[in-house]
Structure formats: C-alpha cells, structure tokens
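Everything on this sheet refers to the single structure shown next.
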Amino acid sequence: MDWVTGLVTGGKESFNACLIIVDRFSKSLRYLPWHKEEPAMDTELLFCNNIISTCGFPKIIIIDRDPKFTSTFWTNLYDMLGTKHAFFYSLPSKNRWIS
C-alpha cells in the first residue's frame, strides 16, 4: 500500500493523488483516487470501502510510511470496525524467574 502524489488535478472530485494497493497473492492492483490533503481517517475509510468490503480483511498489510501515520491508520481502522485495541505489556521479574 502506497501513495502516488503530485498528480495533475483531474476528475469531477479534483483528485490529485492515488492510493495504490497491491495484492501479493493474485498480483492484482487497485488504484483508488485520493486527495493529498485528506487525513489518515479518510484513508481508512477508502481502504474499508474498497478493499475489506470486496476482498475481506487481509492477513498482512505492508505500509511504507512513518510510524505516526501507521499508528493512526491502525487506530482509526480498529475504531471504524468496532474492534477494541488493548495494549499488553509485562515487566520482567526481579530475579528473572517466571512467577
């Protein structure tokens, strides 16, 4: 999943970017028109409406973006799908033995 930006504005909605999604299994491509100025929340909506609704939820999503965008993408996607995202961490014991 990646974006092509800096395109000439076109279409009825004046799109200036394209979200490209590649299915590694079938080698198929999806080109989704996009606005460069839209926040990450709109990216999740675009992803849900065009990928999850037609192909189902993918097992792996590869995003070549900064950690802040990736975190926002996953948080918004979970919120949109109604999934509770619970974080879990454990602290090591003092003597390194499992208690």
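The values are calculated or read from the model by the stated rules, or taken from the named source; none is laboratory data. These numbers come from a predicted model, not from an experiment. A quick note on method: Cβ atoms are made from the backbone with ideal geometry, for glycine too, and the neighbour counts reach across all protein chains shown.
Evaluated against (1) under 22 Å from GLY11 (Cα atoms); (2) at pLDDT 85 or above; (3) in a helix (DSSP H, G or I); (4) of a type outside the set (D, E, K, R), THR43 falls short on exactly one condition, (2). For the range 3-28, a tally of residues being among the β-branched types (Val, Ile, Thr) and either closer than 18 Å to ILE52 by Cα or in contact with a helix residue (DSSP H, G or I) (Cβ under 9 Å, 6 or more places away or on another chain) (or both) returns 3. Would it be correct to say that ILE51 is touching a strand residue (DSSP E or B) at 6+ places or on another chain (Cβ under 9 Å), among the aliphatic types (A, V, I, L, M) and not in a helix (DSSP H, G or I)? Taking the combined requirement at face value, the residue does not satisfy it. Write out, first by first residue and then by second, each pair whose Cβ atoms fall under 8 Å of each other, whose residues are 6+ apart or on separate chains, and whose first residue, in the range 65-84, is under 9 Å from GLU44 (Cβ atoms) and touching a residue at least 12 places away in the same chain (Cβ under 8 Å) while the second is in a helix (DSSP H, G or I) and among the charged types (D, E, K, R). Qualifying pairs under 8 Å: PHE73/GLU44; ASN76/GLU44; LEU77/GLU44; MET80/GLU44. Of all residues in the range 7-40, those satisfying the criterion of being at pLDDT 85 or above and aliphatic (A, V, I, L, M) are LEU7, VAL8, ALA17, LEU19, ILE20, ILE21, VAL22, LEU29, LEU32.
Just one of (1) assigned to a helix (DSSP H, G or I); (2) under 18 Å from VAL4 (Cα atoms) fails for ILE61. It is (1).
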